[in-house]
Amino acid sequence: RRPPRSTRKESSAASDVYKRQAFYYPLNVKIIQKVDLKGISVASRINDDTEKIQYNASQILKVMMKYLPADAYAMICILFDDIYNRDSWNYVFGLADLKARVGVFSFARYNPVFFDEDPPSNLSQVILYRACKVMVHELGHMFGMKHCIYYSCVMNASNHLEEAAIKPLYECPVCMRKLHLVIGFNPLERYKQLAKICVTLGGLFKSKGYAKWLQDRAASIEKKIKK
């Protein structure tokens, strides 16, 4: 039996997207109290390349299982520090457990400042746009979806920023059907909600063509309904 429909996340850094709940409509989104990693038992190290601290993502997931609310479908932790999965791995953007319904995501490598680069004038928009893709991806794993190999999809695997940049913000038809099977939603209403939030957020969400693409999908469905 699956838990009641609610999805939880930690930190309010990207709450503009998740408070609107469009990406996993019709689930509810709640923000829970922040947890200081320094106060719990999670391994860390200094990355050889960046010379900056990293936290072990696998251990973070184990800790998160203790904080997963009884009424939550899934919970994602948001960090500003870099993370890694195994000692032999350099880094990961995010990590999720398909069965335990917990995941973790780091803003670190999506911020040019992390690499000591000059920040663009639209820094907050760039970070939010990049971060949104990863959080939607990791939450997809928590709903039981593995990496997509069929189409251009937000569930495609990405091992570096270039790969992450080219995948879209939305699910392909195959993964959307999987998501529909798990949480259930009205496809037309979902497209409308996603289009609305992309227009509201503007910037890269609009200039990349996502708002227009989603609006076209909604219009296509409405046209078929009227026939």
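The values are calculated or read from the model by the stated rules, or taken from the named source; none is laboratory data. As the structure is a prediction and not an experimental result, all values here were calculated from the model. Glycine gets a Cβ as well: all are built from the backbone with ideal geometry, and neighbour counts include every protein chain shown. Just so you know, the surface numbers come from the protein's heavy atoms only, side chains and all, with ligands and any DNA or RNA stripped out. Shrake-Rupley method; radii C 1.70, N 1.55, O 1.52, S 1.80 Å.
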**Message:** Residue under question is residue 99, and the condition is that it be open to solvent by 40 Å² or more (accessible area, probe 1.4 Å) and either assigned to a strand (DSSP E or B) or more than 25 Å from residue 157 (Cβ to Cβ) (or both); does it hold?
**Reply:** no
**Complete:** When every residue in segment 27-46 that is open to solvent by 40 Å² or more (accessible area, probe 1.4 Å) and among the small types (Gly, Ala, Ser) is compared, the one modelled with the highest pLDDT is 44
**Prompt:** Could we say that residue 91 is of a type outside the set (D, E, K, R), open to solvent by 10 Å² or more (accessible area, probe 1.4 Å) and modelled with pLDDT of 90 or more here?
**Reply:** yes
**Message:** Can you say whether residue 207 is among the hydroxyl-bearing types (Ser, Thr, Tyr) and more than 24 Å from residue 105 (Cα to Cα), as far as the supplied structure shows?
**Reply:** yes
**Item:** Within segment 104-188, helices (runs of 4 or more DSSP H) holding 1 or more residues that are surrounded by fewer than 18 Cβ atoms within 10 Å (Cβ to Cβ) and at pLDDT 90 or above
**Value:** 173-183
**Prompt:** Restricting attention to segment 189-209, and to residues there that are in contact with a helix residue (DSSP H, G or I) (Cβ under 9 Å, 6 or more places away or on another chain) and not in a helix (DSSP H, G or I), which single residue is least open to solvent (accessible area, probe 1.4 Å)?
**Reply:** 202
**Item:** Pick from segment 47-61, criterion assigned to a strand (DSSP E or B) and closer than 18 Å to residue 113 by Cβ, ranking: least open to solvent (accessible area, probe 1.4 Å)
**Value:** 54
